[in-house]
1. Find, among the GluC sites (Glu not before Pro) in region 13-81, those assigned to loop by DSSP (not H, G, I, E, B) with at most 10 other beta-carbon atoms within 10 angstrom.
2. Using bins 5 angstrom wide from zero, how does P(r) for the chain break down, in % of all Cα pairs?
3. For every helix of n ≥ 4 consecutive DSSP H residues, a contribution of -39,500 (n - 2.57) applies; sum these over the chain, divide by its total residues, and give [θ] at 222 nm rounded to the nearest 500 deg cm²/dmol.
4. Hey, could you grab the Kirkwood Rh for region 32-102? Inverse mean 1/r over distinct alpha carbon pairs, Å, one decimal.
5. Could you give the longest part of the chain that holds none of the trypsin sites (Lys or Arg not before Pro) found in DSSP loops with at most 16 neighbouring Cβ atoms within 10 Å?
6. In region 23-84, what is the count of Lys pairs whose alpha carbons are under 22 Å apart, counting only pairs at least 8 residues apart or on separate chains?
Amino acid sequence: MKYLDTILNNSDVSAEVSEEIVRCMKQVDEKLKQLKIEFSDENAEMVFTNHLVALTKRILSKEFIPDLDDSLMEGVSLQAMQLSEELVKDLFESHGCEVNKSELFLVATHIQLYLENRKDGKNNE
């Protein structure tokens, strides 16, 4: 996650929180490699990384986004939701939280875009 340092340098977080974010991001990065998910678009990777940093902060504070209407979640595939859960489930559980469905959906929007770009040949395999 090449944008992590830049994002953290522009964040107002303590050194302790920053260290935990780095640890969590390494965990997610390893999962991305296992799942063979690689963003070839630098902007998509930066936005995804920024979202994961924000998600990790919310997990640490246990302050999640408000629940989203289930009808909004129909915009992403079951595959994107499953891959997203594989990516972030451990982050929630390691901090004593249940996986938040709305937060999971937001991660899935990034994965859905990745899957669509891969199908269209826009991501490197």
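1. Details: sites: GLU16, GLU19, GLU20, GLU30, GLU38, GLU42, GLU45, GLU63, GLU74; in loops: GLU38, GLU63.
Passing both the DSSP loop test and the Cβ count: GLU63.
2. 2, 11, 22, 24, 21, 13, 6, 1, 0
3. On the way: 5 runs with 82 residues, N = 125.
After summing the helix terms and dividing by the residues of the chain, the value is -22000 deg cm²/dmol.
4. About 13.5 Å for region 32-102.
5. Values: sites that count: LYS2, LYS36, LYS62, LYS122.
With trypsin sites (Lys or Arg not before Pro) excluded where exposed in loops, the chain gives 63-121 as its longest stretch.
6. On the way: LYS26/LYS36; LYS26/LYS57; LYS26/LYS62; LYS31/LYS57.
Close lysine pairs found across region 23-84: 4.
Every read-out reported here was derived from the displayed coordinates using simple, explicitly stated rules and does not represent laboratory data. Quick caveat: nothing in here was measured; it's all calculated off a predicted structure. With ideal geometry, Cβ positions are generated from the backbone for all residues, glycine too; neighbour counts draw on all protein chains shown.
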